[in-house]
Amino acid sequence: MIFRLTGSPVQKEIILKVNKIDHISIAVKDLQKARKIWEPILGKSKPDDTYVDKQEKIRVARYWLGEVGFELMESTHPEGEVARFVERHGEGVMIISLNVDDTREAIDELKDKNYPFIGGVRAFRGCEYTFIHPRAVSGVLLELIDSKGAKE
């Protein structure tokens, strides 16, 4: 936690600490086609991790680039968020995810600064995450995810 002292008398202002970029997610129409495009660029012959997230209606191929995840996401349902994103914007960067120590603390701090959130706190592999609405952050779907779970 970083503290900034301002004015007189002394006031304590807590500033959100971001540890790193956790991952970048690319929305794609066809995961297999996207893998054929991206794997030579990433220097990978296969994903480091694959999974289906039923709650989010996505199929994911994840690649670790150092400590940062690079994800290709395909919708598993025509009404899923990824499918809607691709229909509206075409394939491309959909999510930038920032790693924080505690998602709930980050939400409390940013809500106090009037940042709007989408859908509340969600769970994934022992971690918690949430999304800040794109209208508040230059059109980017910004995810905050904590470090409670281990890197898989």
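Read the figures in this text as sums done on the coordinates, not as results from a lab. Given the structure is predicted, the values throughout are model-derived calculations rather than measurements. Note that we place each Cβ from the backbone using ideal geometry, even for glycine, and neighbour counts take in every protein chain shown.
In terms of the mean number of neighbouring beta-carbon atoms within 10 Å, the peptides 61-69, 107-115 order highest first as 61-69, 107-115. If only the Cβ of Lys and Arg carry +1 and only the Cβ of Asp and Glu carry -1, the dipole of the chain around its Cα centre is close to 240 debye. Electrostatic tally near Gly120: other residues with Cβ closer than 12 Å to its Cβ, Lys and Arg +1, Asp and Glu -1, net +2.
Distance check, please: which entries in Lys17/Lys57; Lys20/Lys44; Lys20/Lys113 exceed 24 angstrom between their Cα atoms? Don't skip to the answer; put the middle values down first.
Details: Lys17/Lys57 30 Å; Lys20/Lys44 22 Å; Lys20/Lys113 21 Å.
Check vs 24 Å cut-off fails for Lys17/Lys57.
If you take the charge dipole of the chain about its Cα centre, with +1 on Lys and Arg Cβ and -1 on Asp and Glu Cβ, which of Tyr63, Tyr51, Val28 is farthest toward its positive end? My answer, from the dipole projection, is Val28. Using only the Cα atoms of segment 19-64, build the gyration tensor, take square roots of its eigenvalues as a ≥ b ≥ c, and label the shape rounded, prolate or oblate: rounded if a/c is under 1.5, else prolate if a/b is larger than b/c, else oblate. The shape class here is oblate.
Here segment 18-33 and segment 94-152 have alpha carbon centers that stand 15 Å from each other. Taking the average, over residues, of other Cβ atoms within 10 Å as the packing measure, peptides 48-54, 138-144, 24-30 rank 24-30, 138-144, 48-54 from highest down. Cβ-Cβ distance of Ala136 and Trp64, R₀ of 41 Å, FRET efficiency by 1/(1 + (r/R0)^6): the value works out to about 0.90.
For the chain, give the share of DSSP beta bridges that are antiparallel, in percent and rounded to the nearest 5; count only bridges with both residues there. Intermediate values should be presented prior to the final figure.
On the way: 35 of 47 bridges.
The antiparallel proportion sits near 75 percent.
If a/c stays under 1.5 just call it rounded; otherwise compare a/b with b/c (prolate if a/b is bigger, oblate if not). Do that for segment 59-141, with a ≥ b ≥ c from the square roots of the Cα gyration tensor eigenvalues. Cα axes put segment 59-141 in the oblate bin. In the set (1) 10.0; (2) 14.9; (3) 9.0, which value of mean projected area of the Cα convex hull in nm² was calculated from the structure you see? Matching the structure shown: (1).
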